[in-house]
Amino acid sequence: MRIHFIAIGGSAMHNLALALHQKGYIVSGSDDVIFEPSKSRLAKQGILPSQFGWFQDKIDTSLDAIILGMHAKVDNPELIKAKQLGLKIYSYPEFLYEQSKHKTRVVIGGSHGKTTITSMILHVMNYHGKPVDYMVGAQLEGFDRMVHLTEENDFIVLEGDEYLSSPIDRRPKFHLYRPNIALLSGIAWDHVNVFPTFENYLEQFRIFVNSIVKGGSITYNEEDVNVKSIVEASENSIRKLPYSTPDFFVEHGKTFLNTGEGPMPLDIFGRHNLNNLAGAKWICQNMGIDEEDFYEAITSFKGASKRLEKIGERRNTIIFKDYAHSPSKVAATTMAVKEQYPDRKLIACLELHTYSSLNAEFLKEYRGSLKEADVSAVFYIPESVKIKGLAEITKDQIGQAFQQQDINIFTNSAAFQEFLFEQDVTNSIVLFMSSGNYGGLDLNEIVNMIEIN
């Protein structure tokens with residue numbers, strides 16, 4: 001097959017392009033800008049566009065399909081040409097479904113924990129030498145790509161994102177996968193630019209549960225009130241399998257899971273991650289892995305990229321970075337670190353970077369999310385608010401939203417970095433939470449600061 005990608009450079013798109021190239025498809029693509037590591041990875045396989053931009057002469061009837069990325073606009077010249085020629089145009093999730101409609105589809109959904117749970121499942125399957133197709137939202141240790149597609153594998157494991165499918169398909173991605181085996185980890189309002197009310201956001205998960213193939217199953221976090229309500233109210237003819245946080249304890253900075261075979265040490269920590277582990281265990285059992293084999297494999301799981309990732313350690317000081325940016329994720333991550341290291345000072349730093357987090361009305365959702373920190377800092381760039389077309393937000397608004405009088409608020413990276421360098425990090429944990437980069441802050445400099453102290 002000949003496949004052309006419109007907006008090939010994105011994290012998800014370029015990984016799909018690489019997967020199809022490895023599968024033997026003839027792959028081409030376009031984009032107006034491509035950053036690293038996408039650029040080098042595409043170049044290595046010989047499918048990096050020779051020049052950036054959109055070119056209608058790349059679109060002709062020799063193409064079997066177009067895959068349209070979210071980065072493209074509805075008036076994209078290549079998209080217009082593809083429509084004129086009547087070519088088949090897929091969104092990213094549509095094409096994944098086409099590639100997997102004869103497989104058993106395992107879809108992991110929820111506002112938080114999707115990447116971690118999917119990563120746990122893939123780690124366990126890989127550990128036991130059971131090959132599966134997959135799509136996951138982070139680069140995993142031991143895996144070359146975030147997407148892998150074959151003809152022969154029976155299972156495909158898909159991270160079920162609720163964000164939109166493409167510029168011309170406004171359905172959430174996870175509505176298109178029609179899972180045989182599904183999981184819902186939790187629901188916390190996000191993407192307010194697309195789902196303006198919480199009820200509208202909840203409706204997307206009702207649709208997801210009802211999209212599960214009849215006779216399939218939903219494994220769900222019964223500790224989440226919204227998840228429990230939606231799943232148990234569904235009239236879909238599926239099995240409903242609840243899970244909850246397993247019994248565990250922390251000793252000398254190490255988390256142990258209580259099992260029938262005794263305490264089992266883990267490389268991950270945090271109540272939310274133990275909850276994720278419980279969900280992953282049930283999914284793996286549905287895929288043919290027994291409990292004992294799951295535990296054997298999960299002890300060596302170190303976490304997904306950017307999820308409580310340790311980036312520096314010196315004597316009694318540790319630095320973590322985490323992708324947490326929504327209120328529920330920020331609260332869970334901050335609490336996890338404090339529970340793991342109760343005797344250390346926690347310096348928690350959050351960047352407000354997404355559309356939702358910079359929305360003046362949404363800010364109140366962050367109330368109390370940093371309360372477990374001993375020192376807390378919030379960073380945002382006022383220019384980003386303007387670029388997103390949002391109403392101006394002030395430091396006072398942020399302080400009132402978080403309901404913490406001692407919170408430190410910064411609007412430029414130089415002042416934020418100076419604040420960090422002034423901190424006494426003796427016997428401390430420094431936690432960076434962001435989906436951005438704090439205005440270009442070099443976290444390696446922070447690690448070097450700890451090396452000096």
### Query
Using modelled backbone amide H atoms (1.01 Å from N, in-plane), which distant-in-sequence or interchain residues come within less than 5 Å of Arg171's amide H?
Ser165, Ser166
### Query
Add -39500 (n - 2.57) for each DSSP H run of 4 or more in the chain, then divide by its residues: what number comes out at 222 nm, to the nearest 500 deg cm²/dmol?
-9500 deg cm²/dmol
### Task
Quickly work out the Phe256-to-His102 label distance, labels modelled 7 Å from Cα along the C-beta direction, and quote it in nm with one decimal.
5.1
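Calculate the dipole size of the stretch 1-125 relative to its Cα centre from +1 charges on Lys and Arg beta carbons and -1 charges on Asp and Glu beta carbons; express the result in debye to the nearest 20.
Rounded to the nearest 20 debye, it is 400 debye.
Please figure out what share of the DSSP beta bridges in the chain is antiparallel and state it in percent, rounded to the nearest 5.
Percentage antiparallel, nearest 5: 25.
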### Query
D for the chain, whole µm²/s, Stokes-Einstein with Kirkwood Rh over alpha-carbon pairs at 37 °C and 0.692 mPa s: what number?
141
### Message
Among Tyr92, Thr259, Gly436, which residue has its Cα furthest toward the positive end of the charge dipole of the chain, with +1 on Lys/Arg Cβ and -1 on Asp/Glu Cβ?
### Response
Tyr92
## Note on the structure
Each label sits 7 Å from Cα toward the beta-carbon; between Ser50 and Ala391 the label points are separated, in nm, by 5.2
### Distance cut-off 25 Å, percentage of C-alpha pairs in the stretch 95-298 lying past it
35
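Based on the Cβ-Cβ distance from Arg170 to Lys130, what FRET efficiency comes out when R0 is 41 Å, to the nearest 0.05? Display every interim value, and only then the final one.
Working: r = 36 Å, r/R0 = 0.88.
Once rounded, the FRET efficiency stands at 0.70.
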#### Entry: Charge dipole of the chain about the Cα centre (unit charges at C-beta), most positive-ward option of Ala414, His4, Thr116
His4
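Could you order the peptides 341-350, 36-45, 5-14, 188-197 from most to least packed, using the average number of other C-beta atoms within 10 Å per residue?
On the way: 341-350: 19.8, 36-45: 13.9, 5-14: 23.4, 188-197: 17.1.
Going from most to least packed, we get 5-14, 341-350, 188-197, 36-45.
If you count, for each residue, the other Cβ atoms within 10 Å and average over each peptide, how do 368-378, 281-291, 306-316 line up from highest to lowest?
Numbers: 368-378: 20.2, 281-291: 18.3, 306-316: 16.2.
Descending packing order for the listed peptides: 368-378, 281-291, 306-316.
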### Message
Mean Kyte-Doolittle hydropathy of 0.5 or higher plus an axial Cα length of 30 Å or more: which whole DSSP H helices in the chain meet both?
### Response
none
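Run the dipole for the chain about the Cα centre, Lys and Arg Cβ at +1, Asp and Glu Cβ at -1, nothing else charged, and hand back the magnitude in debye, nearest 20. It would help to have the intermediate numbers written out before the result.
Values: 45 positive and 57 negative charges, 190 e Å.
Around 920 debye, computed over the chain.
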### Message
Report the Cα centroid-to-centroid distance between the stretch 390-453 and the stretch 165-233 in angstrom, as an integer.
### Response
34
## Note on the structure
Output ordering of 17-26, 56-65 (per-residue mean of other Cβ within 10 Å, highest first) is 17-26, 56-65
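None of the figures in this text is laboratory data; all of them are computed from the coordinates on show. It should be emphasised that the depicted structure is a prediction, and the values quoted were computed from it without experimental measurement. No Cβ is skipped: glycine too gets one built from the backbone with ideal geometry, and neighbour counts run over all protein chains shown.
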